[in-house]
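K.L.:
Sending over a structure as structure tokens; questions will come in a sec.
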Amino acid sequence: MNTPGPQQHRRLSPLHVHRTLQVNILVAFATLLIITVIIIVGYTYQQNSQAILNLSRDLIAQVTETVIERTSNHLLPAAVMAQTSAQIPAVETMSLVQNVELEAYGMEILNLYPQLSGFYIGNEQGEFLFTKRFPDGSIGTQIIDRSGDQPVRTWTYRDEAGNVTNVEVTTEFTYDPRERPWYQGAKATRQQYWTDVYIFFTDQKPGITAAYPVLDAQGELISVVGIDIALDELSQFLATQKVGKNGHVFIINNREEVVAYPRISLATQEGDAFRLTNITDLHLPVISAAYAQHLAATQTAFTINLEGVRYIASFTPFPDTFGQDWDIGIVVPEDDFVGLIKQTNRISLIISLIILAFSIVLTIFLSRSISRPIVLLTAETQRISDLRLDSNLEIVSPIREVQTLVESISSMKTNLQIFKKYAPAELVRQLIQSGDTHDPGGQQKELTILFTDIGGFTHLYQGTLPEDLMQQLSEYVGELTTIILEEKGTLDTYMGEGLLAFWGAPLPTHHAYYACRAALLGRDQTRRLNQEWRAAGRITFPIRIGIHTGETLVGNIGSNQHMNYTVVGSNVNLAKYLQAANDLYGSQILVSAETYHQVADLFYFRPLDRIAIKDNYPTNIIYELMGEVGHTPQEVEELCARFHEGFAAYMRGEWDTAVSIFQALAMAYPQDSATQLYLGRSLTHYASPPGPNWTPTTNLEFFNQPRILA
């Protein structure tokens, strides 16, 4: 692995976390779309809502103005007719009892003004003339006569045509006009007087009275003319004033009494009596809450929230010229105006979300079409950085720049594939993984060196076509190279028909083990190749391998223009000597004692000799590698075991024992060259024993001409 640099260790902030290109494109598009939808929908809703709210305020103002105008017009005839009637001379002089002209006058007034419910006159003597319209259109006249010993009240009822339908006379009554609010108010003010809302005595319904005093020349009160206006018609009129779908329009006085409200009774019964309906009697919490806020904050227009619903409230006083301390109240849910806008906005939002979802899906496909070639290119460049150039680059992108990059990388890959044939790609890959600086220089490390060669190659190629020989040699070297690389080895160089490889650098491994495995696999693969070539009538390659483990100088040798990662030193030469010594013993794989001691429990070996090579290598035993434990035939195991016994007897000078063992082995393995060699040596020493200072040693001083000292 590469050693992480400072940039790799630096912790990235959440905003700079590396994400895939597809995610970045998707996030960018989705964010842009979401922001666009929010801005458009939000702005449209805000503008439309504001426009509707402005319109609602105009509507409330218009309704308020209409109600004030209609109420004023509704009450005006009562004031005018009360004043006009008070100025009729007959009212000043005529008796109220048996006064047919006044009765007719009162009925005519009621016929002219349908909103007037009663016309009456009361005087200081307690006489009373009252003309009243009933709901069915009939008219009744009440006269109270106090001229006798006992007051008498007479009710005369007429149908719509004016015909008398009934007359009721009674002395049992308590009504006295002089005690009524309208009479007392006009008497006290000596001018036109409007009563507060009160319950009419006759029908127990709320209403108001316009009263005007009749005075004599001295200013003394003679009588009072009064005209009643029931408030039912005002309530009916308010029912026609629509403010929104669920709006409330009402009139309220300063005593929190309801003057007019659609569809409810304005009189509340308590026992046998009636009183005016209070605002709390409406059982509408929103109206009570709005009026309370109006009183507390003296606001005329405001909004109020109740139980999660937002209301628009308006309280507008009647003008001072009206003569009554009344307010027109309007309370309407805000959704009555903006509800449709909200619904439209929700629909728009849903449509926008659907469009957004489709857009995101399209963005996913678009981002994938953009990012997939780049992702594939990234993976390809990663493989190229690892010098893995075997895959085919088949990438097509609709984006010109990306396609140009694809073609450039493909061309680079082709060039690298050519270059790879001349450079050890696996070595370069291992150097990259090891974190080597790749500068000239080296270090001393324990390595296992492997040398291979083909025995008698100089004589083999004579009589063989060069093309055929090169083809065979390439196949042979290719197989060995593959095995070495698969067994974690580093290929140093090719030397004609031979090659040099080592283990333990640049990557630390169980170098002796992998080197021995590679040697066995190479031997077995060469045997298979030889069988094929022999069957095809071609020459065969007798492989020779030498393996040694020791401290070796390894590193980069060369210049900035060309460099080789290689091993040098005496231990490399020893592996080469061991490879050549195979010809002496008829073996294929020779290993040094240093290699043997590291993997003795993992492979089957047999000792072949004690060797000496000038002063470069101390005298030591060399071994032949026969097979791997668990993967070797039984006869090879037995051969190694018996050969160990014979070799030990030979080294101890026990010639008879050595001869016996090697004779038995020679009969069992007649083709085994090492057995034949030691059988001959044992017989020689058995016939002519050496002296007491005898030490068997083979001198490998000369590369191709080892000299036997024993």
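The values are calculated or read from the model by the stated rules, or taken from the named source; none is laboratory data. Please read these numbers as outputs of a predicted model, since none were measured by experiment. For neighbour counting, all protein chains shown are included, and Cβ atoms are generated from backbone atoms with ideal geometry for every residue, glycine included.
K.L.:
So for the stretch 436-448 (the condition being assigned by TED's automatic domain parsing to the domain that holds residue 523, closer than 17 Å to residue 557 by Cα and at pLDDT 90 or above), does at least one residue qualify?
P.N.:
yes
K.L.:
Another question, if that's okay. Of all the strands (runs of 3 or more DSSP E) wholly in the stretch 495-613, which have at least 3 residues that are under 30 Å from residue 680 (Cβ atoms)?
P.N.:
The qualifying strands (runs of 3 or more DSSP E) are 543-558, 589-591, 603-613.
K.L.:
Whether any residue in the stretch 635-657 is modelled with pLDDT of 95 or more, basic (Lys, Arg) and over 22 Å from residue 526 (Cβ atoms) is what I want to check.
P.N.:
Looking through the stretch 635-657, at least one residue is modelled with pLDDT of 95 or more, basic (Lys, Arg) and over 22 Å from residue 526 (Cβ atoms).
K.L.:
Whether any residue in the stretch 624-631 is surrounded by fewer than 14 Cβ atoms within 10 Å (Cβ to Cβ), of a type in the set (D, E, K, R) and either at pLDDT 95 or above or in a strand (DSSP E or B) (or both) is what I want to check.
P.N.:
no
K.L.:
Pick from 347, 354, 330, 364: which is in a helix (DSSP H, G or I) and touching a residue at least 12 places away in the same chain (Cβ under 8 Å)?
P.N.:
On inspection, the qualifying residue turns out to be 364.
Residue-wise test of (1) small (Gly, Ala, Ser); (2) at pLDDT below 80; (3) more than 30 Å from residue 158 (Cα to Cα); (4) in contact with a Lys or Arg (Cβ under 9 Å, 6 or more places away or on another chain).
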| residue | (1), (2), (3), (4) |
| --- | --- |
| 41 | no, yes, yes, no |
| 46 | no, yes, yes, no |
| 49 | yes, yes, yes, yes |
| 57 | no, yes, yes, no |
| 65 | no, no, yes, no |
| 76 | no, no, no, no |
| 93 | no, yes, no, no |
| 103 | no, no, no, no |
| 109 | no, no, no, no |
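K.L.:
Further question: Could you say whether any residue in the stretch 386-393 is in a loop (DSSP other than H, G, I, E, B), modelled with pLDDT of 70 or more and farther than 21 Å from residue 27 by Cα?
P.N.:
no
K.L.:
Now a separate question. Yes or no: the stretch 524-537 includes at least one residue that is at pLDDT below 95 and over 24 Å from residue 455 (Cα atoms).
P.N.:
No, the stretch 524-537 has no match at all.
K.L.:
Just checking, how many residues over the stretch 633-647 are touching a residue at least 40 places away in the same chain (Cβ under 8 Å) and more than 19 Å from residue 673 (Cβ to Cβ)?
P.N.:
Matching residues across the stretch 633-647 total 0.
K.L.:
Which is farther than 30 Å from residue 696 by Cα and out of contact with any helix residue (DSSP H, G or I) (no Cβ under 6 Å at 6 or more places or on another chain), of 583, 524?
P.N.:
Unique residue meeting the criteria: 524.
K.L.:
Mind listing whichever residues of the stretch 632-648 are closer than 18 Å to residue 695 by Cα and surrounded by 20 or more Cβ atoms within 10 Å (Cβ to Cβ)?
P.N.:
646, 647
K.L.:
I'd like the residue in the stretch 161-209 that is at pLDDT 85 or above and of a type in the set (Asp, Glu) and, out of all such residues, is surrounded by the fewest Cβ atoms within 10 Å (Cβ to Cβ).
P.N.:
Per the criteria, the residue is 172.
K.L.:
Restricting attention to the stretch 128-160, report how many residues are in a loop (DSSP other than H, G, I, E, B) and either exposed (fewer than 15 other Cβ atoms within 10 Å of the Cβ) or touching a residue at least 40 places away in the same chain (Cβ under 8 Å) (or both).
P.N.:
Adding up the residues that qualify gives 10.
K.L.:
Looking at (1) surrounded by 16 or more Cβ atoms within 10 Å (Cβ to Cβ); (2) at pLDDT 90 or above, which one does residue 457 not meet, given that it meets all the others?
P.N.:
(2)
K.L.:
Cβ contacts < 6 Å: first residue in contact (Cβ under 8 Å) with a residue 60 or more places away in the chain, restricted to the stretch 517-528; second residue part of a helix (DSSP H, G or I) and surrounded by 16 or more Cβ atoms within 10 Å (Cβ to Cβ), any location; separation 6+ or different chain. Result?
P.N.:
518/483; 518/484; 522/480; 522/483
K.L.:
What residue, of 217, 273, 297, is more than 25 Å from residue 69 (Cα to Cα), exposed (fewer than 15 other Cβ atoms within 10 Å of the Cβ), at pLDDT below 75 and not basic (Lys, Arg)?
P.N.:
Going through 217, 273, 297 in turn, the sole match is 273.
K.L.:
In the stretch 276-294, what residues are in a strand (DSSP E or B) and surrounded by 18 or more Cβ atoms within 10 Å (Cβ to Cβ)?
P.N.:
276
K.L.:
Sort through 537, 555 and tell me the only one that's touching a Gly at 6+ places or on another chain (Cβ under 9 Å) and either assigned by TED's automatic domain parsing to the domain that holds residue 472 or surrounded by fewer than 17 Cβ atoms within 10 Å (Cβ to Cβ) (or both).
P.N.:
Every option except 555 fails the conditions.
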